[in-house]
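Below you'll find the structure, written out as structure tokens, and then a few comments.
The values are calculated or read from the model by the stated rules, or taken from the named source; none is laboratory data. Quick caveat, the model's predicted, so the values are computed rather than measured. Note that each Cβ is placed from the backbone with ideal geometry, even for glycine, and that neighbours are counted across all protein chains shown.
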Amino acid sequence: MKLAFIGLGNMGAAMATNLLRAGHAVTVFNRSPDKTEPLVRDGATAAADPAAAASGAEVAISMLADDTATAAVTFGARGLLAGLALGAAHVAMATISVALSERLAAAHAAAGQGFAAAPVFGRPDRAAAGKLFIVAGGAAPLLDRLAPVFAAIGQRTFAISATPAAANLVKLSGNFLTAATIEALGEAFALIRKAGIDPHAYLDLLTGTQFTAPMYRTYGTQMADERYEPAGFPVPLGLKDIRLALAAAETAGVPMPLASLLRDQLMTVLARGGGKRDWAALGDLAAANAGLQPDG
């Protein structure tokens, strides 16, 4: 399939590489052009702007940091809307707001183009291994067309709704649950460490009994090791996602008091200089609040 891929951060670069390995023809664009060079060496074609990347593509994939970046590459004078042909499709795979997803769906429909939302669960190592979980929202015929794309980058696709924005809401709910788990782990680790209990022994007990989900091992290991850099998912992105979840909740009239707490906790980590740390640093904040160590 002829694809355009926009956004070559830690996640996007790995995803684009797997698409090349699967035999797709991939044209890439990134706002920092140097990030296209490894992909070009692997066989991709670099484009000067999103419209040029999308020109002639059957599907354009965006994987960008936030709403602002996604809107810029879509609606700009040389954006995806301008470059995609009639009948081609845009697949937004980043974690974006419900409101922007609805706006993208309407704009692409007005232009005679398809649109699907397909945010992913998984950190950069899972992206590199092609083992992401994909939450897909869009018309069934379009999702069927996208099956070979999803197969190259993920281990399983969950077709959640014919409405693209529903996939974004599900992804935001999942990131809220992840942040809540990290906060709970951090408080538990602070409690046992203050009592002098070995955090690695505690982690083995947790993950060998009732807490066997991968995130307990992933984030629990970071807390036991007190290792929060390099960030697999940095604090500013986590804060962004909790804010988006709260915005969706406000629109829907759903109180989320725990999400409000998580927003404040992540803001505290950020205010104390944690902008380059993984959001597992919520555990370090819990330790600092317990008087165990300075955070930061």
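A few remarks follow.
- Residue check, LEU191 surrounded by fewer than 19 Cβ atoms within 10 Å (Cβ to Cβ), under 24 Å from LEU258 (Cα atoms) and either in contact (Cβ under 8 Å) with a residue 60 or more places away in the chain or among the charged types (D, E, K, R) (or both): yes
- From THR157, THR163, THR70, residue being in contact with an Asp or Glu (Cβ under 9 Å, 6 or more places away or on another chain), β-branched (Val, Ile, Thr) and within 23 Å of ASP241 (Cβ to Cβ): THR163
- Among (1) within 12 Å of the chain's Cα centre (by Cα); (2) buried (at least 18 other Cβ atoms within 10 Å of the Cβ); (3) touching a residue at least 12 places away in the same chain (Cβ under 8 Å), the one test that GLY79 misses: (1)
The rows are residues; the columns are (1) aliphatic (A, V, I, L, M); (2) within 22 Å of LEU172 (Cα to Cα).
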position	(1), (2)
SER55	no, no
MET63	yes, yes
ASP66	no, yes
ALA105	yes, yes
ALA110	yes, no
GLY137	no, yes
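- Among the residues making up region 27-56, those that are more than 21 Å from the chain's Cα centre (by Cα), outside any helix (DSSP H, G or I) and not acidic (Asp, Glu) are THR27, GLY43, ALA44, THR45, ALA46, ALA47, ALA48, SER55, GLY56.
- Counting only helices (runs of 4 or more DSSP H) that sit wholly inside region 86-170, those with at least 1 residues that are over 18 Å from the mean Cα position of the chain (by Cα) and farther than 27 Å from LEU239 by Cβ are 98-110, 140-145, 147-153.
- Just one of the listed residues (ALA48, ALA69) is surrounded by 15 or more Cβ atoms within 10 Å (Cβ to Cβ) and either in the same structural domain as ALA136 (by TED's automatic domain parsing) or under 26 Å from LEU86 (Cβ atoms) (or both), and it is ALA69.
- For the condition touching a residue at least 60 places away in the same chain (Cβ under 8 Å) and farther than 23 Å from ASP66 by Cα, PRO164 does not qualify.
- Residue list for region 207-232, filter: among the aliphatic types (A, V, I, L, M) and surrounded by fewer than 17 Cβ atoms within 10 Å (Cβ to Cβ): ALA213, MET215
Here is a yes/no grid of residues against (1) touching an Asp or Glu at 6+ places or on another chain (Cβ under 6 Å); (2) in contact (Cβ under 8 Å) with a residue 24 or more places away in the chain; (3) more than 26 Å from ASP225 (Cα to Cα); (4) among the aliphatic types (A, V, I, L, M):
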| residue | (1), (2), (3), (4) |
| --- | --- |
| MET256 | no, yes, yes, yes |
| ARG263 | no, yes, no, no |
| MET267 | no, yes, no, yes |
| GLY274 | no, yes, no, no |
| ASP284 | yes, yes, no, no |
| ASN289 | no, yes, no, no |
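- Of the residues making up region 132-181, those that are farther than 19 Å from ILE96 by Cα and among the charged types (D, E, K, R) are ASP144, ARG145, ARG156.
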